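Structure first, then comments.
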Amino acid sequence: MVDWLRQAGPGASSRTLDDVGGEAQLYRHAEQIANSDAFDVATSMVIGAWNQLDHERASRLLLLGLEHTPDPLAFAGAVEAIFAQPAVVAALADGMNNVLLDRAGERTDPRHAHIAVDALDGALRLLLAGAVRPFRLLELVSSVTIIEPSTFAEAVARRLGVLYLHKPETSVRDAARATLQLLSEHPDARDDALCELGGCSLIDGLESSTAEQAEAALRTARRDYSAAIDADQERLDARLYASALDGVLALIEQRPAADVEAAAEQVEDLALVRAAWHAPGRLGRWLGDTSAAEQHWWMVTAAFAQAAGALDEDVWLNAATSLEAIARAHRAARVARVLPEAAPGLRAVIEPRISNAFIADSSRVRALKQWATQVADDPELEQGAIELQEVVEDPKGDTATLIADLRARADDPTAVDAVLQALDDRQCEVLERRLETLDGEESVLLNRVAWRVNHDIRAGLEGVPDYTGTTRIFFDRILDLTIRFVEMRQDIQTGRPGGRFHYLSQPDALERDLQLDYYEFMKGTIFGAVVDIETPHIGGGRTDIVFRYGGTRIVGEIKRDTNPAATGHLDSYLNQAGLYQSANVALGLLLVLDLSPKPQGQVRSLGQSIWLAHKPDLADGDLPRLIVTALVPGNRPTPSGVT
């Protein structure tokens, strides 16, 4: 039987139990199968026929194999096959948890240590899915020693950070932190343990109830990340978090805006490298959403950029926004997909939560302050608005205390009540969402030339009927990122043939090259869920790029041209871009790959590469279309290659 299973190999899932003489024959050889390196093959066959089997006998076979198979690959394959079927997990639950934790406790040699890692993963998945209680897992965590095999020591350190985030109970967090402190002295697990300790302190800071507690925890986290970098200079994750905390601490200490901007640039550079290397971290495939995490890291950069220009405000109001973005990145990287789908009593996808009461309250105070500024010019609310502004400039506590202080200080309580009643639930929700997504009035661009281009285009859009409300917010963010895209493509080295950016040096580059580059760039930002490519039935044709938000649709047209700066060369392109907007808002994008010869380096400056084109109405009495037009420099030599 075992020899037959070995020969069948992993593809045995396509066979039936009849091939081995039926279910009873498989159970007759259960002990030999369980003690063999073919147990994973038998597991696949059992799970494939699960609905037709005696579940009690099938469960005994699976648990026996998990308990005894000596082969790391067979063990890992069996665990994955079981977790691919929620019904099987539900049937095995407690029994499997005990077996997995027993195997995780056997780590006397490298073979056992590899099995122990997969067993620990399985036990953690059961815990996160809600199938078991944490007590036995905590016993295992507390049994870890400084002389653990390197394979297991590194793995357990990485998973303790996940446990700390997902399970906020004091007993769990105390055990996790104590074991990480121990492993920080392990010669091979030191950098992992220190990095996870930094994550634990970061969570503590985010969940603090006062500014003093938050700052102390964040400084501890920064020291732990520094120590992790000292232990391993290649720790991209530690460097990323350390740079992000540098920006937060610069805000708290009210250091010059240049310090905040430097941290923002460092975060952006590291996040791009991390994304380029497809480095999701050092955890199992069932943990983390890399693409979502990368989007949130961009938001961290944007938060710093916005805060750098507002250093005269309450420093914690600035820091809170940045910390919320960091928290979202940290959570996204550790979303647990423990099962392919939910089952009775079991959760499939677990998104960690951070109860950041102090940070969230700081954000609400900031939203209240922004609202006070907005209503200050309303004659009917003038007195209340003035009082509100005075109080929020110097808050003495949380939002409720702030509002109580506002009422107590006001000369005309009825006017104050009018202001507060106007701040209804919907306005609060909108303002907090604007804060969280950085949908404020200010651009999030760091480069002053880029900022000036953005400002000029926004000024040109003022008064346009469609440039209002959420459409304005949406289009502003698209504009910000499009300017950043052009800026980065002017700076990027084109690289070797076949590379992603090599098309920028080629005189025969295609529209498709720019289209895919722009699409992939936008896909890695906050617009990842709302940008699409080659969408049919819009304006009577198929769009190159389209952004959708609610009922608003913004189309991006992509072209190539060997002389785009010549008078009239872009007119037909603008007509096409405008036509796509005929059934939606009169705002659009046109990106043109500039393939004009540049032997002397005739690349247009950033300030002259992006502008707002007013396309006149072609139908009588119609609205003009406004198209943000950008030239992306192609066919360009390297600086050392110009004549």
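The values are calculated or read from the model by the stated rules, or taken from the named source; none is laboratory data. Everything numeric here is computed off the predicted structure, so don't read it as measured data. Virtual Cβ from ideal backbone geometry, glycine too; neighbours counted across all protein chains shown. To get the accessible areas, we keep the full protein, side chains included, count just its heavy atoms, and leave off ligands, DNA and RNA. Shrake-Rupley method; radii C 1.70, N 1.55, O 1.52, S 1.80 Å.
Of the residues PRO564, PRO597, which is in contact (Cβ under 8 Å) with a residue 60 or more places away in the chain, part of a loop (DSSP other than H, G, I, E, B), surrounded by 13 or more Cβ atoms within 10 Å (Cβ to Cβ) and not aliphatic (A, V, I, L, M)?
Answer to the selection: PRO564.
So which residues in segment 47-63 are open to solvent by less than 60 Å² (accessible area, probe 1.4 Å) and not aromatic (Phe, Trp, Tyr), if there are any at all? Outline the logic, then answer.
Taking segment 47-63 as the starting set, the residues that turn out to be open to solvent by less than 60 Å² (accessible area, probe 1.4 Å) are 47, 49-50, 53, 58-59, 61-63.
Correct list: ILE47, ALA49, LEU53, ALA58, SER59, LEU61, LEU62, LEU63.
Of everything in segment 202-236 that's assigned to a helix (DSSP H, G or I) and under 15 Å from ALA157 (Cβ atoms), which residue is most open to solvent (accessible area, probe 1.4 Å)?
ALA231
Given the conditions (1) surrounded by fewer than 23 Cβ atoms within 10 Å (Cβ to Cβ); (2) within 26 Å of GLY199 (Cβ to Cβ); (3) at pLDDT 90 or above; (4) not charged (D, E, K, R), which single one is not true for HIS166?
(3)
Do the conditions hold for ARG255, that is, is it in a helix (DSSP H, G or I), farther than 19 Å from ALA189 by Cα, basic (Lys, Arg) and without any contact (Cβ under 8 Å) to a residue 60 or more places away in the chain?
Considered against the rule, which asks whether it is in a helix (DSSP H, G or I), farther than 19 Å from ALA189 by Cα, basic (Lys, Arg) and without any contact (Cβ under 8 Å) to a residue 60 or more places away in the chain, ARG255 comes out as no.
For segment 573-589, give me each residue that is part of a strand (DSSP E or B) and either aromatic (Phe, Trp, Tyr) or touching a Lys or Arg at 6+ places or on another chain (Cβ under 7 Å) (or both).
Once the filter is applied, which keeps residues that are part of a strand (DSSP E or B) and either aromatic (Phe, Trp, Tyr) or touching a Lys or Arg at 6+ places or on another chain (Cβ under 7 Å) (or both), segment 573-589 yields only GLY588.
Count, please, the residues in segment 145-161 that happen to be surrounded by fewer than 23 Cβ atoms within 10 Å (Cβ to Cβ) and not charged (D, E, K, R).
7
Any residue at all in segment 53-60 that is out of contact with any strand residue (DSSP E or B) (no Cβ under 9 Å at 6 or more places or on another chain), in a helix (DSSP H, G or I) and of a type in the set (Ser, Thr, Tyr)?
The answer is yes; a qualifying residue exists.
Condition (residue is closer than 21 Å to VAL628 by Cα, modelled with pLDDT of 80 or more, loosely packed, with under 15 Cβ neighbours inside 10 Å and of a type in the set (Val, Ile, Thr)) applied to segment 450-467: is it met by at least one residue?
no
Working carefully through the options ASP517, ASP508, ASP544, ASP513, find the one that is modelled with pLDDT of 85 or more, in a loop (DSSP other than H, G, I, E, B) and not aromatic (Phe, Trp, Tyr).
That would be ASP508, the only listed residue that is modelled with pLDDT of 85 or more, in a loop (DSSP other than H, G, I, E, B) and not aromatic (Phe, Trp, Tyr).
Show me the helices (runs of 4 or more DSSP H) entirely contained within segment 84-158 in which 1 or more residues are over 24 Å from VAL46 (Cβ atoms) and hydroxyl-bearing (Ser, Thr, Tyr).
Output list reads 135-142.
Can you pull out the residues in segment 600-622 that are of a type in the set (D, E, K, R) and surrounded by 15 or more Cβ atoms within 10 Å (Cβ to Cβ)? So that I can check it myself, show each step before the final result.
To start, the set of residues in segment 600-622 that are of a type in the set (D, E, K, R) comprises 604, 615, 617, 620, 622.
Listed by number, the residues that qualify are ARG604, LYS615.
Counting only residues that are closer than 12 Å to LYS615 by Cα and either in contact with a His (Cβ under 7 Å, 6 or more places away or on another chain) or buried (at least 24 other Cβ atoms within 10 Å of the Cβ) (or both), how many does segment 571-580 have?
The qualifying residues number 2.
Select from segment 524-550 the residues that are touching a residue at least 24 places away in the same chain (Cβ under 8 Å) and either open to solvent by 60 Å² or more (accessible area, probe 1.4 Å) or polar (S, T, N, Q) (or both) and list them in ascending order.
THR525, GLY540, THR543, TYR549, GLY550 - these are the residues of segment 524-550 that are touching a residue at least 24 places away in the same chain (Cβ under 8 Å) and either open to solvent by 60 Å² or more (accessible area, probe 1.4 Å) or polar (S, T, N, Q) (or both).
Mind listing just one residue for me: the one in segment 468-507 that is farther than 22 Å from ILE627 by Cα and touching a residue at least 40 places away in the same chain (Cβ under 8 Å) and, of those, least open to solvent (accessible area, probe 1.4 Å)? It would help to see each step written out before you state the result.
At the first step, the residues of segment 468-507 found to be farther than 22 Å from ILE627 by Cα are 491-507.
Checking which are touching a residue at least 40 places away in the same chain (Cβ under 8 Å) leaves us with 493-494, 503-507.
Details: GLN493: 160, THR494: 20, TYR503: 19, LEU504: 0, SER505: 27, GLN506: 59, PRO507: 78 Å².
Per the criteria, the residue is LEU504.
Look at ASP94 and say whether it is surrounded by fewer than 19 Cβ atoms within 10 Å (Cβ to Cβ), over 25 Å from ASP204 (Cα atoms) and in contact (Cβ under 8 Å) with a residue 12 or more places away in the chain.
Answer is yes for this residue.
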